[in-house]
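Enquirer: Take a look at this one; I'll ask things after.
The values are calculated or read from the model by the stated rules, or taken from the named source; none is laboratory data. Bear in mind the structure is a predicted one, so any value in this text is a computation, not a measurement. Every residue, glycine as well, gets a Cβ built from its backbone with ideal geometry; the counts of neighbours run over all protein chains shown. For accessibility, only protein heavy atoms count, side chains too; no ligands or nucleic acids. Shrake-Rupley method; radii C 1.70, N 1.55, O 1.52, S 1.80 Å.
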Amino acid sequence: MLKRKEYSMTQKLYRLGAIAFIVNKTKRLLIVQLNSYSKDEWTMPGGGRKHGESVTQNITRELWEELGIKESELQLVGVSRNLLLYNFPSKMIQKREPIALNYTGQKKNQIVFKTNMERNLEIDKKELRKYMWCPISDLEKYLIFPGQYKNAMAILAEFKIIQKENFSMS
């Protein structure tokens, strides 16, 4: 049996971060495709938290760095009481990706914004392949990671962007 100190030293932590659910005036959700993703994998924008950052500082910095979105272009709807918690997939560990070697997975705050923004976004090509304003009715086609679609719909329902009865929890 491991001693308490040895046990805690062998455990990897969850990387803290935030993701943004940004809904425009035509009820489309901003989704992004990371360079590390396959062509059919998408997610909401966001990223890791730097030491000393608040949740809102974390997400506004990430949106600016990755997409050129200014804080003034967003209206905060709310921060979900539910955290997104997941372990990194084994393929990341097998590829020996640095983040997966240092952390078990990620624990992210989920923040909902509305925007009237209509301009093209300036993506950070080192991190993102592309972005899309996706109709909420089409999200199930793009949010294909385990539990990803269900989580997104629950967050959108939590802040009354959609009605709970408008989607299946299956």
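Enquirer: In vacuum, with every alpha carbon of the chain counted as one equal point scatterer, what does the Debye formula give for log10 I(q)/I(0) at q = 0.11, 0.13, 0.14 Å⁻¹? Two decimals, please.
Expert: The computed values of log10 I(q)/I(0) come out as -0.48, -0.66, -0.76.
Enquirer: Sticking with this structure for a sec: Of all the accessible heavy-atom surface of the range 1-128, with the other protein chains kept in place and a 1.4 Å probe, what percent is carbon and sulfur?
Expert: 52
Enquirer: Pairs 12/91; 12/114; 27/150; 107/150; 12/70; 95/150: which exceed 26 Å Cα-Cα?
Expert: 12/114; 12/70; 95/150
Enquirer: Express the accessible area of the range 38-88 per residue in Å², computed with a 1.4 Å probe while the remaining protein chains stay in the model.
Expert: Roughly 55 Å² per residue, with all protein chains present.
Enquirer: Select from 142, 131, 37 the residue whose mean-square fluctuation is largest in a Gaussian network model of the chain (Cα-Cα springs shorter than 10 Å).
Expert: Result: 37 has the largest fluctuation of those listed.
Enquirer: If N is the number of residues in the range 75-170, what value comes out of its Cα radius of gyration divided by 2.2 N^0.38 Å?
Expert: So the Cα radius of gyration is 1.26 times the expected 2.2 N^0.38 Å.
Enquirer: Can you spot the lysines whose alpha carbon is less than 18 Å from residue 126's alpha carbon? Ignore those fewer than 8 places along the same chain.
Expert: 39
Enquirer: Could I have the simple spin-label model distance between residue 125 and residue 64, label points 7 Å from Cα toward Cβ, reported in nm to one decimal?
Expert: 2.4
Enquirer: Can you give the extra length, in nm with one decimal, that the chain gains between residue 85 and residue 116 once fully stretched, where that is 0.36 nm per residue apart less the Cα-Cα distance?
Expert: 8.2 nm
Enquirer: Loop only by DSSP, 12 or fewer other Cβ within 10 Å of the Cβ. Give me the trypsin sites (Lys or Arg not before Pro) in the range 72-170 that pass, ordered by residue number.
Expert: Taking the range 72-170 and a limit of 12 other Cβ atoms within 10 Å, the loop trypsin sites (Lys or Arg not before Pro) found are 81, 95, 96, 119, 125, 126, 160.
Enquirer: So how far, in whole Å, is the C-alpha centre of the range 107-132 from the one of the range 72-87?
Expert: After rounding, the separation between the Cα centres reads 13 Å.
Enquirer: How high is the relative contact order of the range 40-129, in percent, with contacts defined as C-alpha pairs under 8 Å that are six or more residues apart?
Expert: 32
Enquirer: Now a separate question. Within a Cβ distance under 13 Å of residue 75, other residues only, what is the Lys/Arg minus Asp/Glu net charge?
Expert: Local net charge: +1.
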